[in-house]
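Asks: The structure's right below; bear with me while I get my questions together.
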Amino acid sequence: MKVLLIFIQADSGVDGASLLDSASTKRSLFSSLKDSALSNIIRRAQFAIPPLSLMILSSQQVEGVSQTICDLRFEKVPLDQHWDMAGISVQTGAVRPAFELARALRSRGIKVVLGGPYVTIFPEQCRDHADALVIGEADDVWREVQEDLLAGSLKAEYRVEGFPDLGVERVVQKSALDIKSYFTTNVVQTTRGCPYSCDFCNVHVMNGHRLRHRSIPAVLREVESFLKEDKRIFFFLDDTINSDELYAEKLFTELIPFGINWVGQATTALGEKPRLLEAFSRSGCGALLVGIESLDDGSNHAHKKFHNPSNRQVECIKSIREAGICVYGSFIYGLDGDTLALPEKLEAFIEETGIDVPGINLLRPIPGTGVFDRLADEGRLLHSRHDHDAFRFSWGQEMLYKPLRIPLQEFIPSYTALTKRVFTVQNALKRAARAPRLRSAVLMFNLLYVHMYGMSRKDLMRQLRELG
Ligand code: B12
Ligand code: SF4
């Protein structure tokens, strides 16, 4: 039996920014060609890492079944070959393309199994689009799905009760991947679950609040085995790699002898933990994405984010950078306490801290998150709460809700003016020159953002005109 595991490309966002309404937007041939070339570079260079979910599934091997990963960011569905079953990973912002693909595959007699964040949170919306649904973290149940396929007894639903125990060692293999398509294939997750409850995020909804660690020896063995196939940089995909400081310090201290380079995501609290910071730096940490969101505590608190008080941010970020680690600072403008005074403050903060790559996002209410339900109840969503497709992924390119304190007609110009000031070629050169490491990567990210935020402005200004 042949199984194809498919990762869907989002229409925009980090999968390669394109104008949201490119079909109806008139463009010169030159700008269309330029945009599509840059979009390709963004897809390949920026976040070209394989989907760990599908690597995990394909490592659950059953005799008589072969599995291949198809990543639609880089290839088309190989319909010239025979497939018995397709497993599609459905992300909330890419529901429409996932369902369209499911329909096309089923019409060819291929059985379709859907899994992933959207299926876990909204199984009822998926039922009609699949032969089988996997609800929850599929690490162990995927073997059963394959056995049932072999026996011709696929069930309509596989529901994972609770969460898999990550203390059980499960070896992740790369055999189903095309290694050379990627910037690196060294993607590792050490822990699942998040103790925090930010209302714009659905990680704690999908993976629970309790931190579930893998054993440190198992992670070390994985790093060692990955290095045999691919010597490139490691991505630790954990949402907060410093969430359990003791675990993190032990793990990264033990990783020092491996001599790897790695990047990950952390909270700025790391800047106040000199021993952990040293372990990160000595184990080869080159850059960390930190979620700062608003600079206004009231705004963060309105969205149930309490864990990074604004008065400590500047020092924390400076310490991380002084330890030789670049900082990607991720902000959200448009949170409930934000006013028109925020953009100027944010710009000054980026300057003062020396953040190497700023990312200034719009609040995106994702169906299944607390903020989505709240905005819907308050009548602030710009689309029906039932139209999940309207809440597609993008790159700061459209407003999906009304900010609390700023009228949309004023909010949009204030955001576009901010990104126009922050993302300039001159600033890109300056940030690269002062980056503590990875200067060429910092330059590339900043230059790509000049392009991506340019697209965001075009889309938003179109939306503003349409709003009248
Ligand atoms: C690494 C990462 C990326 C990487 C790689 C993409 C990827 N999804 O693998 C990059 C940087 C490219 C990326 C891009 C984006 N990301 Co991202 N990303 C993550 C992150 C941090 C880890 C993903 C991961 O590997 N998790 C570990 C695996 C093991 O978990 P999993 O994917 O949930 O898979 C398990 C189950 O869901 C299930 N499963 C998953 N797929 C399938 C398929 C089948 C057939 C079955 C049976 C089961 C199954 O079984 C798996 C094993 O238990 C998550 C946060 C998180 N903690 O998950 C955000 C996350 C997935 N990203 C998110 C977003 C919003 C984006 C972007 C839109 C950002 C942007 N503006 O462009 C893009 C969209 C790209 C895309 N095409 O989906 C959101 C998605 C929200 C949602 N509900 O869909 C998340 C959840 C973050 C958040 N805070 O909300 N991302
Ligand atoms: S945004 Fe980060 S810290 Fe907040 S709940 Fe999500 S994963 Fe946890």
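The values are calculated or read from the model by the stated rules, or taken from the named source; none is laboratory data. Worth saying up front: this structure is predicted, and the values here are computed from it rather than measured. We place every Cβ from the backbone using ideal geometry, glycine too, and count neighbours over all the protein chains shown.
Asks: Checking the condition within 16 Å of ligand 2 (Cβ to nearest atom), in the same structural domain as Val357 (by TED's automatic domain parsing) and not hydrophobic (A, V, I, L, M, F, W, C), which residue from Glu272, Glu293, Glu278 passes? So that I can check it myself, show each step before the final result.
Replies: On the way: Glu272 fails: within 16 Å of ligand 2 (Cβ to nearest atom); Glu278 fails: within 16 Å of ligand 2 (Cβ to nearest atom).
Being within 16 Å of ligand 2 (Cβ to nearest atom), in the same structural domain as Val357 (by TED's automatic domain parsing) and not hydrophobic (A, V, I, L, M, F, W, C) holds for just one of Glu272, Glu293, Glu278, which is Glu293.
Rundown of residues vs (1) among the β-branched types (Val, Ile, Thr); (2) part of a helix (DSSP H, G or I); (3) closer than 26 Å to Gly337 by Cα, yes/no style:
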position: Gly396; (1), (2), (3): no, no, yes
position: Ile406; (1), (2), (3): yes, no, yes
position: Phe411; (1), (2), (3): no, yes, yes
position: Ala417; (1), (2), (3): no, yes, yes
position: Lys430; (1), (2), (3): no, yes, no
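Asks: On to the next question. Looking at the stretch 280-297, which of its residues are in contact with a strand residue (DSSP E or B) (Cβ under 9 Å, 6 or more places away or on another chain) and assigned to a helix (DSSP H, G or I)? Lay out the reasoning, then the answer.
Replies: Quick first cut of the stretch 280-297, residues in contact with a strand residue (DSSP E or B) (Cβ under 9 Å, 6 or more places away or on another chain) only: 280, 283-295.
If the condition is that a residue be in contact with a strand residue (DSSP E or B) (Cβ under 9 Å, 6 or more places away or on another chain) and assigned to a helix (DSSP H, G or I), then Phe280 is the only one that fits.
Asks: Also, quick follow-up: Among the listed residues Gly136, Gly115, which satisfies the condition of being of a type in the set (Gly, Ala, Ser) and under 17 Å from Leu72 (Cβ atoms)?
Replies: Values: Gly136 fails: under 17 Å from Leu72 (Cβ atoms).
Result of the check over Gly136, Gly115: Gly115.
Asks: Checking Ile135 against (1) exposed (fewer than 15 other Cβ atoms within 10 Å of the Cβ); (2) within 19 Å of Gln60 (Cβ to Cβ); (3) touching a strand residue (DSSP E or B) at 6+ places or on another chain (Cβ under 7 Å): exactly one of these is not met. Which one?
Replies: Evaluating Ile135 over (1) exposed (fewer than 15 other Cβ atoms within 10 Å of the Cβ); (2) within 19 Å of Gln60 (Cβ to Cβ); (3) touching a strand residue (DSSP E or B) at 6+ places or on another chain (Cβ under 7 Å) leaves (1) as the failure.
Asks: Looking at Met452, is it modelled with pLDDT under 95 and crowded, with 21+ Cβ neighbours inside 10 Å? Quick ask: steps written out before the conclusion?
Replies: Working: modelled with pLDDT under 95: yes; crowded, with 21+ Cβ neighbours inside 10 Å: yes.
Here the answer is yes, as Met452 does meet what is asked.
Asks: Then there is this: Kindly indicate whether any position in the stretch 374-382 is in contact (Cβ under 8 Å) with a residue 24 or more places away in the chain, within 30 Å of Gly286 (Cβ to Cβ) and either surrounded by 17 or more Cβ atoms within 10 Å (Cβ to Cβ) or of a type in the set (A, V, I, L, M) (or both). Lay out the reasoning, then the answer.
Replies: To start, the set of residues in the stretch 374-382 that are in contact (Cβ under 8 Å) with a residue 24 or more places away in the chain comprises 374-375, 380.
Remaining after also requiring within 30 Å of Gly286 (Cβ to Cβ): none.
Scanning the stretch 374-382, I find no residue that is in contact (Cβ under 8 Å) with a residue 24 or more places away in the chain, within 30 Å of Gly286 (Cβ to Cβ) and either surrounded by 17 or more Cβ atoms within 10 Å (Cβ to Cβ) or of a type in the set (A, V, I, L, M) (or both), so the answer is no.
Asks: Separate question: Quick one: which of Lys231, Lys250, Lys174 is basic (Lys, Arg), out of contact with any His (no Cβ under 9 Å at 6 or more places or on another chain) and without any contact (Cβ under 8 Å) to a residue 24 or more places away in the chain?
Replies: Details: Lys250 fails: without any contact (Cβ under 8 Å) to a residue 24 or more places away in the chain; Lys174 fails: without any contact (Cβ under 8 Å) to a residue 24 or more places away in the chain.
Among Lys231, Lys250, Lys174, only Lys231 is basic (Lys, Arg), out of contact with any His (no Cβ under 9 Å at 6 or more places or on another chain) and without any contact (Cβ under 8 Å) to a residue 24 or more places away in the chain.
Asks: While we're looking at this one, here's another question. What is the one condition in (1) free of Cβ contacts under 8 Å to residues at least 60 places away in the same chain; (2) away from ligand 1 (no atom under 14 Å from the Cβ); (3) among the acidic types (Asp, Glu) that Asp131 does not satisfy?
Replies: (2)
Asks: Can you name the residue in the stretch 140-168 that is more than 17 Å from Ser58 (Cβ to Cβ) and touching a residue at least 40 places away in the same chain (Cβ under 8 Å) and is also surrounded by the most Cβ atoms within 10 Å (Cβ to Cβ) among such residues?
Replies: Leu166
Asks: Can you find even one residue in the stretch 99-119 that is touching a helix residue (DSSP H, G or I) at 6+ places or on another chain (Cβ under 6 Å), hydroxyl-bearing (Ser, Thr, Tyr) and buried (at least 18 other Cβ atoms within 10 Å of the Cβ)?
Replies: yes
Asks: Here's another thing I want to ask about it. Condition (residue is buried (at least 17 other Cβ atoms within 10 Å of the Cβ), more than 21 Å from Leu177 (Cβ to Cβ) and either of a type outside the set (D, E, K, R) or without any contact (Cβ under 8 Å) to a residue 24 or more places away in the chain (or both)) applied to the stretch 69-84: is it met by at least one residue?
Replies: no
Asks: Do you know which residues across the stretch 1-17 are crowded, with 21+ Cβ neighbours inside 10 Å, out of contact with any strand residue (DSSP E or B) (no Cβ under 6 Å at 6 or more places or on another chain) and either at pLDDT 85 or above or more than 20 Å from Leu33 (Cα to Cα) (or both)?
Replies: Ile8
Asks: Here is a follow-up. Checking the conditions here, which among Ala176, Ala130 is within 17 Å of Gln61 (Cα to Cα), of a type in the set (A, V, I, L, M, F, W, C) and over 21 Å from the mean Cα position of the chain (by Cα)?
Replies: Details: Ala130 fails: within 17 Å of Gln61 (Cα to Cα).
Unique residue meeting the criteria: Ala176.
Asks: Which of (1) farther than 17 Å from Leu277 by Cβ; (2) more than 23 Å from the chain's Cα centre (by Cα); (3) not hydroxyl-bearing (Ser, Thr, Tyr) does Cys316 not meet, given it meets every other one?
Replies: For Cys316, the exception is condition (1).
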